[in-house]
Amino acid sequence: MIMKFRVGSYEEYKQAYAASVNDPSGFWAGVAEEFLWRRQWDKVLEWDFRKPDVKWFMNGRLNITENCLDRHLATQGDKPAIIWEPNDPGEPHRTITYRELHEQVCRFAAVLRRNGIQKGDRVCIYMGMVLELPVAMLACARIGAIHSVIFGGFSAQSIADRLQDAGAEYMITCDGGYRGAKDIPLKATVDDALSVCGFVKRVIVLQRTGIPVTMTEGRDVWWHDEVAATEGSVTTAEEMDAEDPLFILYTSGSTGKPKGVVHTTAGYMVYATYSFVNVFQVRADDIHFCTADIGWITGHSYIVYGVLCAGGTSLLYEGIPTWPDAGRFWDIVGKHRATILYTAPTAIRSLMAYGTAPLQGRSLASLRVLGTVGEPINEEAWHWYNEYVGGKNCPIVDTWWQTENGGIMISNLAGVTPAKPGYATLPLPGIQPVLVDEKGDVITGNDVSGNLCIRFPWPGMLRTTWGDHERCRLNYFAAYDNMYFTGDGCYRDEQGMYRITGRVDDVLNVSGHRIGTAEVENAINMHEGVLESAVVGFPHDVKGQGIYAYVIMESMPDDDRHMHVRAAILVTVTEVIGPIARPDKIQFVSGLPKTRSGKIMRRILRKIAEGEMHALGDTSTLLDPAVVDEIKRTKV
Ligand code: 6R9
């Protein structure tokens with residue numbers, strides 16, 4: 001499906017951008033007209049960042065799945081909607097057309113209703129990257145239930161926290177999942193989580209790996225049994241208000257507790273689709289291979305919602321880049337003739353480490369556009385991607401955005417606006433970035449750095465954090481008056497192009513995953529014998545940032561026990577959060593550098609972790625400056 005809102009030249013981009021700033025309501029109304037509505041909106045936008053209170057397409061009525069599915073049936077029902085590539089290259093792939101996906105979603109939506117799920121109920125989804133994962137999400141959206149997908153790498157404790165926070169009484173999971181050489185026991189992890197979540201009424205379990213699982217009578221049911229036992233299907237989707245919540249997605253912030261970012265129906269739909277079509281310059285015959293996990297926002301917008309709303313074909317891969325060998329991505333690209341590859345710098349760096357041999361004999365000729373997301377891309381990785389994957393022939397879009405944004409915010413548009421290695425470049429139409437100094441004053445002009453804020457609403461922005469609106473205000477709208485604060489630092493070059501320099505808050509970016517230092521500290525502190533800890537990031541060749549933990553134990557472990565205690569702490573962190581939060585380095589210390597008021601001076605700890613011992617700056621305000629010498633001496 002070709003959407004009229006695709007800008008096809010730099011000139012058109014400039015015009016669209018100007019229009020979006022001069023008349024935001026008129027601009028977005030024009031975009032929104034290309035979607036399927038049950039009822040037109042009365043007013044495009046009402047907003048007040050100070051509350052915050054943002055409403056788009058007021059009183060519009062729609063269902064996003066009618067935009068993702070029903071709308072395409074007449075014109076392209078037989079087009080592949082999703083191509084699913086399994087973890088094991090020996091297992092056959094599956095292709096599902098729009099008609100088939102529509103059938104499955106309608107059917108599973110009926111299963112959800114039969115199990116008592118209603119509009120507004122929260123449903124947590126904890127599955128591997130199987131074809132049924134988008135089916136489950138879309139089925140929720142079809143009946144107006146709010147899904148919250150939890151990344152399959154999170155621990156039982158993390159699942160329990162999210163279930164509780166969302167008040168979710170329903171879960172959808174798999175018996176197990178495949179990821180590379182590993183079989184992940186998803187249902188067993190869910191069982192652990194549910195041991196402290198007695199309020200969960202129903203768990204629907206998809207069989208994927210066939211590993212034995214415990215099914216709790218009266219609570220757990222099999223996906224296939226339910227589908228077989230359910231008559232009919234939800235052919236008429238629930239009519240939703242434009243501002244009804246579509247999903248919750250948890251993400252880390254600078255406090256210890258992940259926040260449930262809430263996205264609503266119409267604005268998210270419009271923005272995810274608009275950004276998809278424009279950034280990748282989508283064409284009707286594209287095969288879009290986004291390697292992100294659906295458990296992150298990138299998968300929500302650019303494997304599921306944006307791609308399907310645009311009538312595209314999404315390539316969904318179950319496994320990891322290096323299984324069974326480091327040529328797997330290239331095999332998949334060749335096998336399915338992918339035209340767009342959207343991945344993370346950390347994946348590129350991990351593949352670079354294998355050299356170019358895995359690329360030999362694999363055909364990447366189908367590729368037309370490359371994309372990156374999740375963290376700043378270093379120039380070396382950019383050039384490798386450009387030369388060896390793109391054959392110097394494919395524009396690379398460096399897409400900056402966040403869970404809270406719903407879709408890509410700052411990025412070049414493939415082949416249409418200029419690219420610059422290391423730069424996300426220019427804002428999409430509708431996005432008004434500003435750089436702000438410490439005092440909150442907007443920094444004008446070019447060749448300047450500051451904290452990145454957005455000063456005008458866009459349709460895909462978060463509306464609240466689940467169950468705690470004040471937290472949303474404090475986190476994003478209180479730092480600077482009347483602006484959304486991203487938490488990122490940014491440089492604007494002489495030409496006005498944006499380069500994201502990384503988080504300015506206590507959030508780490510490890511392999512493109514957001515992890516709050518406070519969350520990791522909380523997990524470490526739960527370990528027996530730990531008195532206190534402080535976590536900072538340090539530069540890591542593959543992960544971008546690694547996790548460095550300074551830990552004070554009740555009794556300092558002697559050299560023989562170091563290894564043992566370290567390993568035990570890693571186990572605790574894995575249990576509390578998941579393997580992604582495991583520190584790369586743990587240093588046992590007898591004290592931490594603190595100010596007289598008791599605040600940990602993270603700046604110093606960061607410098608030491610980075611190995612910049614001579615650049616510690618002023619340490620005279622410390623309570624006990626001697627502790628710094630000890631930490632320097634015993635650095636790991
Ligand atoms: C989509 C996604 C958001 C944080 C964001 C920033 C970092 C994302 C980036 C980038 C530099 C890019 N980030 N894309 N930094 N260049 N192209 O990643 O969402 O998981 O919420 O992370 O990731 O620091 O604030 P999320």
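The values are calculated or read from the model by the stated rules, or taken from the named source; none is laboratory data. The model shown is predicted, which means the values in this text are computed figures rather than measured ones. Cβ atoms come from the backbone with ideal geometry, glycine included; neighbour counts cover every protein chain shown. With ligands, DNA and RNA removed, areas are computed over all heavy atoms of the protein, side chains included. Shrake-Rupley method; radii C 1.70, N 1.55, O 1.52, S 1.80 Å.
For an R0 of 35 angstrom, estimate the FRET efficiency from the Cβ-Cβ distance between TRP47 and LYS257 and round to the nearest 0.05. The calculated FRET efficiency here is 0.80.
Report the extension gain between ARG561 and GLN40 in nm, rounded to one decimal, defined as 0.36 nm multiplied by the number of residues separating them, less their alpha carbon distance. Walk me through the numbers on the way to the answer.
Numbers: separation 521, 0.36 × 521 = 187.56 nm, distance 6.73 nm.
Answer, rounded to one decimal: 180.8 nm.
Shape summary of the range 393-479, radius of gyration then Dmax from alpha carbon positions: 14.8, 48 Å.
Rounded to the nearest 500, the 222 nm mean residue ellipticity of the chain from helices alone is -8000 deg cm²/dmol, with -39,500 (n - 2.57) taken per DSSP H run of at least 4 residues. A Cβ-based charge dipole, computed about the Cα centre of the range 475-518 with Lys and Arg at +1 and Asp and Glu at -1, lands at about 140 debye.
Net length available on complete extension from ARG606 to ASP285 is 110.8 nm, with 0.36 nm assigned per residue and the Cα-Cα distance removed.
With R₀ fixed at 41 Å, the C-beta to C-beta distance from HIS469 to ARG99 puts the FRET efficiency at about 0.50.
The C-alpha radius of gyration of the chain, expressed as a fraction of 2.2 N^0.38 Å, stands at 0.95. Of the peptides 608-614, 323-329, 202-208, 456-462, the order by per-residue mean of other Cβ atoms within 10 Å, starting with the highest, comes out as 456-462, 202-208, 323-329, 608-614.
Across the range 476-610, the fraction of Cα-Cα pairs farther apart than 18 Å, rounded to a whole number, is 60%.
What does the highest-first list of 424-435, 264-275 look like by mean Cβ count within 10 Å?
Result, highest mean Cβ count within 10 Å first: 264-275, 424-435.
Extending 7 Å from Cα along the Cβ direction at MET215 and again at ASP481 yields two label points whose distance is 6.2 nm. How large a share of the accessible area of the chain, in percent, is made up of carbon and sulfur atoms when the probe is 1.4 Å and the other protein chains stay in place? Summing carbon and sulfur atoms, their accessible area is 49 percent of the total for the chain.
Just how many % of Cα pairs in the range 14-70 lie over 20 Å apart, if you round to the nearest whole percent? Here the tail beyond 20 Å accounts for 36 percent of pairs.
Think of a 1.4 Å ball rolled over the protein heavy atoms: the range 469-523 then has 35 Å² of accessible area per residue. The Cα center of the range 56-124 and the Cα center of the range 553-629 differ in position by 47 Å. For the range 434-452, the residues whose backbone nitrogen is under 17 Å from a point 7 Å from the Cα of GLU494, taken along Cα to Cβ, are 445-449.
Can you tell me the length gained on complete extension of the stretch LEU531 to ARG337, counting 0.36 nm per residue apart and subtracting the Cα distance?
Details: separation 194, 0.36 × 194 = 69.84 nm, distance 5.43 nm.
The LEU531-ARG337 span can extend by a further 64.4 nm.
Per-peptide packing, taken as the mean over residues of other Cβ atoms within 10 Å, places 3-13, 619-629, 547-557 in the sequence 547-557, 3-13, 619-629 from highest down.
Placing unit charges on the Cβ atoms only, positive for Lys and Arg and negative for Asp and Glu, gives the chain a dipole magnitude near 560 debye about its Cα centre.
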